[in-house]
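The values are calculated or read from the model by the stated rules, or taken from the named source; none is laboratory data. The model shown is predicted, which means the values in this text are computed figures rather than measured ones. As a convention, Cβ positions derive from the backbone with ideal geometry for all residues, glycine included, and neighbour counts pool all protein chains shown.
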Amino acid sequence: MRLRFLDSDVGRRLRRALSDQPQVMLVGGAVRDALLDVEPANLDLWAPDPAVARAALGLEFGAPRTGLTRWDTFRWDHLPLPLRLDSGSRDLEANLRSRDFTVNALAVPLRAPAESRLVDPLRGADDAAEHRLRPVTSTSCAVEPARWMRAGRLIATRQLKPDISLRSAAARGHRPLLHGVPTEARRLELWALFSCPHRADGLRWLSEVGLLAELVPAWGELTARLDPDLGGRSAAEFSIAAVDALHRERWASLLEPPVLEALGRRLDAPVGPALGGWALTAVALWLHRLAPVREVAADLATLALHGLGAPPAEVRAVSRLVLHGGWLDHPGPLGVPELEAHAAVLDLCVREAQHGLESEAVRAGAAAANRALPEYLSPRP
């Protein structure tokens, strides 16, 4: 197993700081990501004596900022990743068995991860090899309902497939599944899902188990609303298919290179503290069919985003995009600066979901984008 970060200068400093504590283990997501050959988003450590480990880290890296939960989260100027130290369990196996999914119930010694035996009491490495997301127990998500949302994010970000036991647990779970999960935690998990390229896979899972209907009550009606104009699909299935079309490489042969490059730059820019441009367009695609009439859909999207506690700028931007669907037919300013690129991309994705990438509708939309977008993508004084 190769943990590339631990081979860096900072990683060597981390191991040096804890060199006299051979029982310190790297646990959870970083180990999972090493097995999946993905760069980790954070580092989780387990130590038999967290206070001693925390003091040793402080001597090496200085005073950190820390959280007040069971998992103390530290941030140092010289560590590019957040480091979390378990402060609630002195038994390693108990720690691993208390986790959400088997792919997270893994550990290796920090001092020599490449040379050490994997601690894997629940066969999580086998699940990682099969890209399978399996709960540690049938009640793992019920005891911490935010884990249901985390499942959707892991499906999207790590391309894991939900195991039948996870589906069964969701089917048997008490409703609402997200009871007690704070609004902000729901939104941040959802926005993290929308920020990754395979966002549609996570959305399908959340819709299948009823979580999207809990997040946005109007979504429940979409799952039952079949539309002949959408090929007999439900409005929910169509919306997720439109989200699935949101990949810039799809349009490389359709858009002129300067337009494609400028469009990419615009959508790469952040919109809010937790929502990038591509994610913004994905959220609008998710909500754009909440009602057959655009004005009503925009109002429902506004209500949905307020219910999720979204910042005002995100609410305005998404509702404008939903209201002005079909922008390529009638290009024009949307009343919120810099939104024209998002509107054009939304229109292309909807056309692809309805007619297919090779359809005349998509080719006509791309031609309209090539004509109209240069005016809106050029730098403004």
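So the values come out like this:
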quantity: Any pair with Cβ under 8 angstrom, 6 or more apart, that starts in region 146-163 at a residue that is part of a loop (DSSP other than H, G, I, E, B) and ends at one that is of a type in the set (D, E, K, R); calculated: Gln159/Asp201; Leu160/Arg132; Asp163/Asp127; Asp163/Arg132; Asp163/Arg134
quantity: Pairs where the first residue, in region 316-338, is in the same structural domain as Ala367 (by TED's automatic domain parsing) and the second is of a type in the set (Lys, Arg), C-beta under 7 Å, 6+ apart; calculated: Val322/Arg294; Leu323/Arg294; Gly325/Arg294; Leu334/Arg320; Gly335/Arg320; Val336/Arg316; Val336/Arg320; Glu338/Arg266
quantity: Residues satisfying the stated conditions in region 256-277, i.e. touching a His at 6+ places or on another chain (Cβ under 9 Å) and either more than 20 Å from His306 (Cα to Cα) or without any contact (Cβ under 8 Å) to a residue 12 or more places away in the chain (or both); calculated: Arg266, Leu267
quantity: The lone exception for Leu166 - which of (1) farther than 19 Å from Thr281 by Cβ; (2) in the same structural domain as Arg147 (by TED's automatic domain parsing); (3) assigned to a loop (DSSP other than H, G, I, E, B) it fails; calculated: (3)
quantity: Which numbered condition Glu358 misses (of (1) part of a helix (DSSP H, G or I); (2) without any contact (Cβ under 8 Å) to a residue 12 or more places away in the chain; (3) of a type in the set (Asp, Glu)); calculated: (1)
quantity: Among (1) assigned by TED's automatic domain parsing to the domain that holds Ala94; (2) closer than 16 Å to Val283 by Cβ - the single one Trp191 does not satisfy; calculated: (1)
quantity: Residue that is in a helix (DSSP H, G or I) and more than 30 Å from Pro182 (Cα to Cα), where the choices are Val296, Val350, Val318; calculated: Val350
quantity: Candidates Arg153, Arg186, Arg199, Arg132 - the one that is within 13 Å of the chain's Cα centre (by Cα) and either closer than 15 Å to Asn104 by Cβ or aromatic (Phe, Trp, Tyr) (or both); calculated: Arg153
quantity: Leading residue by the ranking (surrounded by the fewest Cβ atoms within 10 Å (Cβ to Cβ)) among those in region 1-10 that are within 26 Å of the chain's Cα centre (by Cα) and either part of a helix (DSSP H, G or I) or free of Cβ contacts under 8 Å to residues at least 12 places away in the same chain (or both); calculated: Arg4
quantity: Residue tally, condition within 23 Å of the chain's Cα centre (by Cα) and at pLDDT below 95, over region 322-342; calculated: 3
quantity: Among the candidates Ala304, Ala369, Ala313, residue that is in a helix (DSSP H, G or I) and without any contact (Cβ under 8 Å) to a residue 60 or more places away in the chain; calculated: Ala313
quantity: Hits in region 181-196 (condition: part of a loop (DSSP other than H, G, I, E, B) and of a type in the set (Gly, Ala, Ser)); calculated: Ser195
quantity: Positions within region 197-217 being assigned to a loop (DSSP other than H, G, I, E, B) and surrounded by 18 or more Cβ atoms within 10 Å (Cβ to Cβ), in sequence order; calculated: Val209, Gly210, Val216
quantity: Residues of region 158-196 satisfying the condition of being crowded, with 21+ Cβ neighbours inside 10 Å and touching a His at 6+ places or on another chain (Cβ under 9 Å); calculated: Leu160
quantity: Complete set of residues in region 224-238 that are surrounded by fewer than 17 Cβ atoms within 10 Å (Cβ to Cβ), without any contact (Cβ under 8 Å) to a residue 60 or more places away in the chain and outside any loop (DSSP other than H, G, I, E, B); calculated: Ala224, Leu226, Pro228
